[in-house]
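The values are calculated or read from the model by the stated rules, or taken from the named source; none is laboratory data. Owing to the predicted nature of the structure, the values given are computational and were not obtained by experimental measurement. Here the Cβ is made from the backbone with ideal geometry for all residues, glycine too, and neighbour counts use every protein chain on show. For accessibility, only protein heavy atoms count, side chains too; no ligands or nucleic acids. Shrake-Rupley method; radii C 1.70, N 1.55, O 1.52, S 1.80 Å.
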Amino acid sequence: MASAVSNLRGVNAGNARFNQEALSWDSRPFVREASQAAEKAIAEKLESLNWRPGHVLEIGCGTGIMSFLVAPHVDRVVAVDAAEGMIDVLKQKLQKDGAPKNILPVAVLLEDPEDHALPPADTAKPDGSRQKFDLITSHLVLHHIPDLEGVLKTMLGCLAPGGRVMLTDFEDYGPEAKRFHAESKLEGVERHGINAKQMSELMRKVGFVNVNVAPEWTMPKMVEKFAGEFGPEGKPQDDSQGEKMDIPFVICYGERSA
Ligand SMILES: C[S@@+](CC[C@H](N)C(=O)[O-])C[C@H]1O[C@@H](n2cnc3c(N)ncnc32)[C@H](O)[C@@H]1O
């Protein structure tokens, strides 16, 4: 599938860290395992709702690890990321034999549901209003977003009537949540996880209905024993470094009124 015309407004400005990390992103076991766990939790949620979404928007798709897992179960995934480097890696992965054919990669800092980087609702009217989605996913992204209320409004505007969001991220489970990131990986981190109560209130304020933000799974992560232990690499340099911490993850669920 051909890529959408990229709207690179803000892309190069805000995402130096993710552009830099894009080439090695898929080599991190925790990154891959966290996406697998998120997709499993979302699949279980879909099953409990007895609902199959057709058109999915993934915001902050990175190199598309979760998009690849979701794509076989839906009609199409529009996979957007503000970091052009991440989208370039996703495009390369999509060229390979066996890659799904129903992922559309788009490099955009998505702040407007009518952004013309998104596909048109009607292909006969390329300049017309933009496509609306049945499901929006976003994994390990919310803790990077300065204006959570703004991105939630954007998501609501991207949903079709009756559409749903299932947003996964680590939980703000108290002061220890700060240790999720190594000291050298704090650039672009806006908050240390998602506070379930505050997030529920914000989602309702923005206009989502049937909101439910709750921890769904935990997974172990190697974290620093003290700030800066992993050095500039941000990962253990030998077996003596770091310790395992169980990290709780939430799904932020909400619906757009039908
Ligand atoms: C920690 S990475 C997670 C990538 C991927 N979801 C994964 O788990 O492998 C966060 C990503 O969100 C992207 N991002 C943050 N805000 C965004 C926005 N408003 N629109 C598009 N991408 C965004 C960043 O560029 C970055 O690649």
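Per-residue counts of other Cβ atoms within 10 Å, averaged by peptide: what ranking do you get for 136-144, 26-34, highest first? Can you show the working numbers first?
Values: 136-144: 22.2, 26-34: 14.1.
Ranking, from highest mean packing down: 136-144, 26-34.
Near Val209, within a Cβ-to-Cβ distance under 13 Å, what is the net charge of the other residues, with Lys and Arg +1 and Asp and Glu -1?
Values: positive: Arg164, Arg204, Lys205, Arg256; negative: Glu255.
It works out to a net charge of +3.
Relative to the longest principal axis of the Cα atoms of the chain, helix 196-206 runs at roughly 20 degrees.
Each peptide among 211-220, 92-101, 117-126 gets the average number of other Cβ atoms lying within 10 Å of its residues, and from highest to lowest they stand as 211-220, 117-126, 92-101. Can you work out the FRET efficiency for the pair Glu114 and Arg17, with r the C-beta to C-beta distance and R0 = 41 Å, to the nearest 0.05? That pair, Glu114 with Arg17, gives E of 0.90.
What Kirkwood radius, in Å to one decimal, follows from the Cα pairs of the range 1-144?
One decimal place: 15.5 Å for the Kirkwood radius.
What's the angle, to the nearest 10 degrees (0 to 90), between helix 29-49's Cα axis and the longest principal axis of the chain? Once rounded, one gets 50 degrees. Largest to smallest in accessible area, the residues Leu186, Leu148 fall in the order Leu186, Leu148 (1.4 Å probe, all protein chains included).
Across the chain, how large is the tail of the calculated P(r) beyond 27 Å, expressed as a percent of all Cα pairs? If you can, show how the numbers build up before the last one.
Numbers: 11430 of 33153 pairs.
For the chain, the fraction of Cα-Cα distances above 27 Å is 34 percent.
For Met219 and Met245 in one chain, what is 0.36 nm times their gap in residues minus the Cα-Cα distance, to one decimal in nm? Spell out each step's value before the answer.
Details: separation 26, 0.36 × 26 = 9.36 nm, distance 0.81 nm.
Length gained, Met219 through Met245: 8.5 nm.
Taking the charge dipole of the chain about its Cα centre, with +1 at Lys and Arg Cβ atoms and -1 at Asp and Glu Cβ atoms, the residue from His116, Gly242, Gly128 reaching farthest to the positive side is Gly128. Computed over the chain, the per-residue total of -39500 (n - 2.57) for DSSP H runs of n ≥ 4 gives a 222 nm mean residue ellipticity of -8000 deg cm²/dmol, rounded to 500. Our summary gives the range 11-255 a relative contact order of 16 percent, counting only alpha carbon pairs under 8 angstrom and 6 or more residues apart.
For the pair Lys197 and Glu176, what calculated FRET efficiency results from E = 1/(1 + (r/R0)^6), where r is the Cβ-Cβ distance and R0 = 22 Å, to the nearest 0.05?
Efficiency for this residue pair is about 0.80.
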